[in-house]
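What follows draws every value from the coordinates through simple rules; no lab data is involved. Predicted model only: the values in this text are computed from it and were never measured. Cβ coordinates were reconstructed from backbone atoms using ideal geometry, including for glycine residues, and neighbour counts include every protein chain displayed.
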Amino acid sequence: MYAIVEMAGKQFKIKEGKPVVVPGWWEKDDLKNDIKVLFYKDDNGQVYMGDPYLPSVKVDFDVLKQFRGKKIRVFKYRAKSNYRKRKNIKPRYTLIKITSLGAE
């Protein structure tokens, strides 16, 4: 069984017992309210499609850790005006593990 969910403004394919990396630092309560199930396929092959979401499918998860990703360099440049700016960004991520997934 698997589901396609929308959380933190992006779509993810999730399976029970598998970890998922979500952009941003999220607490469990904040992310739990943000998860919306778009598509669900159970073990029997039954497919459920949302219009646009499936309120009957529940996703339960645990937050494993919050970490920062690889450094990204951002450079702004304007020609002929001696304008140069450099900035470094380390994006934030949350690692979650799906504990249960199912329709009620």
Margin query: Along each principal axis of its Cα atoms, how long is the chain end to end? Whole angstroms, biggest number first, please.
Written below: 63, 29, 21
Notebook entry, point to check: Which Rg and Dmax, in Å, describe the Cα atoms of region 11-71?
Noted result: 13.5, 44
Next item on the list: Enumerate the amide H contacts of G24 below 5 Å, restricted to partners 5 or more residues apart or on another chain; note that Pro and chain-start residues carry no placed amide H.
Entry: R92, Y93, T94
Notebook entry, point to check: Taking K and R as +1 and D and E as -1, what net charge do the other residues with C-beta under 12 Å from the C-beta of F39 add up to?
Noted result: 0
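Taking other Cβ within 10 Å of each residue's Cβ, how do E27, E16 sort, fewest first?
E27, E16
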Next item on the list: Would you list, by chain and number, the lysines whose Cα falls below 29 Å from the Cα of K90, excluding same-chain residues fewer than 8 positions away?
Entry: K10, K13, K15, K18, K28, K32, K36, K65, K70, K71, K76
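First select every other residue whose beta carbon is under 12 angstrom from the beta carbon of G9; then total the charges, Lys and Arg +1, Asp and Glu -1.
On the way: positive: K10, K36; negative: E6, D34.
Once all neighbours under 12 Å are counted, the net charge is 0.
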